[in-house]
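Nothing in this text is a laboratory measurement; each read-out follows from the coordinates by a stated rule. All figures in this text were calculated on a predicted structure; none of them were measured in a lab. Cβ coordinates were reconstructed from backbone atoms using ideal geometry, including for glycine residues, and neighbour counts include every protein chain displayed.
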Amino acid sequence: MFPYLDDAACRGSDSELFYMESASAIVQAKTQCGRCRVMDGCLEWALKREEFGVWGGTTARERAAIRRERGLRLTPAGVA
């Protein structure tokens, strides 16, 4: 699944935090991301693969905007 998991600051955290939509949960998730040494790699991976949740310090909406700027599309699930 996620190639950076072994080095991620969120490893061992409750993954539900990263999928909650409340403002406080998003702040908590982004705070963890901000301390992560693989955040940039996580973001690049998520831009291609993740439609929901906080990944690489960004929300789904923020990633959608980055995708539009860069002309990227999500890779369908199950495609390598």
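To the nearest 0.05, what FRET efficiency results for S13 and R73 with a Förster distance of 30 Å applied to their C-beta separation? E between S13 and R73, to the nearest 0.05, is 0.55.
Got a sec? How would T31, T59 order by Cβ neighbour count within 10 Å, fewest to most? Don't jump to the answer; show the numbers that get you there.
On the way: T31 11, T59 17.
Placing the least packed residue first, the sequence is T31, T59.
Using the average count of surrounding beta-carbon atoms within 10 Å as a protection proxy, the listed peptides 14-24, 48-58 rank, highest first, as 48-58, 14-24. Extension gain, R35 to E62: 0.36 nm times the residue separation minus the Cα-Cα distance gives 7.8 nm.
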